[in-house]
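The values are calculated or read from the model by the stated rules, or taken from the named source; none is laboratory data. What you see is a predicted model, and the numbers here were worked out from it, not measured in a lab. Cβ atoms come from the backbone with ideal geometry, glycine included; neighbour counts cover every protein chain shown. For accessibility, only protein heavy atoms count, side chains too; no ligands or nucleic acids. Shrake-Rupley method; radii C 1.70, N 1.55, O 1.52, S 1.80 Å.
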Amino acid sequence: MYLTKDEERILNGEFGETKRKAMEILVALGDIYGAERLIPVTSAHVSGISYYNIGDEGLEFLEDFLKEGRVAVKTTINPGALDLMRWRELGFDEDLFRKQLNIVELLSKAGVEPIPTCTPYYIGNKPSKREHVAWAESSAVTYANSVLGAYSNRESGISALASAMIGKTPCYGLHLDENRAPQITVKVLVEKERLDYGALGYAVSKKVDNKIPYVVGLKGASDDDLRYFSASLSTYSAISLFYYEWGPWANVEPPKDGVEVELSDLKSAYEYLSDEGKEVDLVWVGCPHASIEEVRTVAMRLEGHKLAAELWITTSRAVKNISDRMGYTKAIEKTGGKVLCDMCVASSPLKGRFKVVAVNSAKACYYARGLNKFNVKFGDLNKCINAAVRGEWVD
Ligand code: F3S
């Protein structure tokens, strides 16, 4: 890969050890993927910061890597292992808290925004159309490419951190226009009222064989719908970009080759995403982290109820601050629900704490089963709220 004189000097260690190592990572990546050069990015989003996931080895790596230097561009981080303010009340142990705090502080000292969230676009890291960024976290990458119109590969936590330090990324994959063309048209033949975007993401992933889809029939989808669709599609496939008629790439023509998604495909998705049984002991909303609209919807729908099951809504601390000010947090917590921050279903140790978790996210379903070994019930927000109120699932 071609390097400019300044990039060579970074690689030679003239700007310190952290930048040298970061450049080494980017050059290795560029060589593997055949990138011709590095290109500037306007922001980075780093995953893999949960102590529960990365352990002492990961913590030691970060301590060493972040000894010196600061990030060169706006950088945000994914959720960690626990709510940094309510960990004790939630039953997490102090050692986990201290180590998680240590990770966030290390990153914060390097200039990273210390607000762990997988929806960085709700806390000010929101690239414009055609901006190149280096983001990890598949749901956020897919949302950024498809809904915001940014250009990002699906980075790992380490490559995103290296890009944050240098302010550049190797130019390959989805940074190149020729790799971004839609490859298959997906016609959604399901009425809007019966459409669940998490289930749809799963159904589309099964039909397109990792080709970039142009999805026709998403008219009327809300920003929350597109967020859940992005998360689901990127969990069950390697796809990090999709097109839709009224998205940022509205002038792009849908490909001639196509497939259809019918109600029966969504029913199969529901069957796959939901386990047997009725009883629910935890309802988890906010994967990806909830928007303020979603928090408000939950608050409104819970009015006048008392909950029979635990209800956790995970969001960023920035969104929770707005929710606090608007009175939504109080309204939710009055019913027994909790609005939580900094953590997520894929990065928090909850194994054995719950048996059946109801989720409105196909991605949460994947991790609740895989990481925490829960049985899951999957359905839309209304069904999940119903389950929290009744303590049981009603189809
Ligand atoms: Fe976010 Fe965790 Fe879900 S990172 S997308 S809440 S699995």
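Restricted to segment 351-365, and to residues that are part of a loop (DSSP other than H, G, I, E, B) and touching a Gly at 6+ places or on another chain (Cβ under 9 Å), which residue is nearest to the ligand (Cβ to nearest atom)?
The extreme case among them is Ser361.
For the subset of segment 271-286 comprising residues that are surrounded by fewer than 18 Cβ atoms within 10 Å (Cβ to Cβ) and not acidic (Asp, Glu), which member is modelled with the lowest pLDDT?
Top of the filtered list is Gly277.
Would you mind stating whether Val259 is open to solvent by less than 20 Å² (accessible area, probe 1.4 Å), in contact (Cβ under 8 Å) with a residue 40 or more places away in the chain and either touching a strand residue (DSSP E or B) at 6+ places or on another chain (Cβ under 8 Å) or of a type in the set (Phe, Trp, Tyr) (or both)?
In short, no.
Aliphatic (A, V, I, L, M), within 13 Å of the ligand (Cβ to nearest atom) and on the phi < 0 side of the Ramachandran plot, is that true of Val345?
In short, yes.
With respect to Ser43, is the statement that it is open to solvent by 20 Å² or more (accessible area, probe 1.4 Å) and in contact with a strand residue (DSSP E or B) (Cβ under 6 Å, 6 or more places away or on another chain) true?
When the stated conditions are applied, Ser43 does not pass them.
Report, by residue number, each residue of segment 292-310 that is open to solvent by less than 60 Å² (accessible area, probe 1.4 Å) and either among the hydroxyl-bearing types (Ser, Thr, Tyr) or in a helix (DSSP H, G or I) (or both).
Of everything in segment 292-310, those that are open to solvent by less than 60 Å² (accessible area, probe 1.4 Å) and either among the hydroxyl-bearing types (Ser, Thr, Tyr) or in a helix (DSSP H, G or I) (or both) turn out to be Ile292, Glu294, Val295, Thr297, Val298, Ala299, Leu302.
Among the residues of segment 3-40, how many are out of contact with any Gly (no Cβ under 7 Å at 6 or more places or on another chain), among the small types (Gly, Ala, Ser) and more than 21 Å from Glu155 (Cα to Cα)?
Counting residues in segment 3-40 that are out of contact with any Gly (no Cβ under 7 Å at 6 or more places or on another chain), among the small types (Gly, Ala, Ser) and more than 21 Å from Glu155 (Cα to Cα) gives 1.
Wholly within segment 122-203, which strands (runs of 3 or more DSSP E) include no fewer than the required count, namely at least 2 residues that are within 30 Å of Ile103 (Cβ to Cβ), under 21 Å from the mean Cα position of the chain (by Cα) and not hydroxyl-bearing (Ser, Thr, Tyr)?
134-136
Please determine, by comparing only the residues of segment 319-330 that are aliphatic (A, V, I, L, M) and surrounded by fewer than 19 Cβ atoms within 10 Å (Cβ to Cβ), which one is farthest from the ligand (Cβ to nearest atom).
Taking the candidates together, the pick is Met326.
Let me spell it out: the conditions are (1) crowded, with 17+ Cβ neighbours inside 10 Å; (2) closer than 21 Å to Arg390 by Cα, and His289 meets all of them except one. Which number is the exception?
Among (1) crowded, with 17+ Cβ neighbours inside 10 Å; (2) closer than 21 Å to Arg390 by Cα, the lone unmet condition for His289 is (2).
Restricting attention to segment 336-352, which residues are modelled with pLDDT of 90 or more and open to solvent by 10 Å² or more (accessible area, probe 1.4 Å)?
Gly336, Lys338, Cys344, Pro349
With respect to the numbered conditions (1) open to solvent by 10 Å² or more (accessible area, probe 1.4 Å); (2) within 16 Å of the ligand (Cβ to nearest atom); (3) in a loop (DSSP other than H, G, I, E, B), which one is the sole condition not fulfilled by Arg369?
(3)
Could you tell me which residue of segment 204-215 is farthest from Tyr270 (Cα to Cα), considering only residues that are in contact (Cβ under 8 Å) with a residue 40 or more places away in the chain and outside any helix (DSSP H, G or I)?
Looking at the filtered set, the residue picked out is Tyr214.
Is at least one residue of segment 164-186 at pLDDT below 95 and of a type in the set (A, V, I, L, M, F, W, C)?
Scanning segment 164-186 turns up no residue that is at pLDDT below 95 and of a type in the set (A, V, I, L, M, F, W, C).
Does Phe61 qualify as being outside any helix (DSSP H, G or I) and either among the acidic types (Asp, Glu) or surrounded by fewer than 19 Cβ atoms within 10 Å (Cβ to Cβ) (or both)?
Taking the combined requirement at face value, the residue does not satisfy it.
I'd like the full set of residues that are polar (S, T, N, Q), touching a residue at least 12 places away in the same chain (Cβ under 8 Å) and either crowded, with 16+ Cβ neighbours inside 10 Å or outside any helix (DSSP H, G or I) (or both), limited to segment 379-395.
Within segment 379-395, no residue meets the criteria.
Has segment 308-319 got at least one residue that is within 16 Å of the chain's Cα centre (by Cα), within 17 Å of Ala388 (Cα to Cα), modelled with pLDDT of 95 or more and acidic (Asp, Glu)?
No, there is no match, as no residue in segment 308-319 is within 16 Å of the chain's Cα centre (by Cα), within 17 Å of Ala388 (Cα to Cα), modelled with pLDDT of 95 or more and acidic (Asp, Glu).
Within segment 222-250, track down each residue that is modelled with pLDDT of 95 or more, open to solvent by 10 Å² or more (accessible area, probe 1.4 Å) and of a type in the set (A, V, I, L, M, F, W, C).
Of everything in segment 222-250, just one residue is modelled with pLDDT of 95 or more, open to solvent by 10 Å² or more (accessible area, probe 1.4 Å) and of a type in the set (A, V, I, L, M, F, W, C), namely Ala238.
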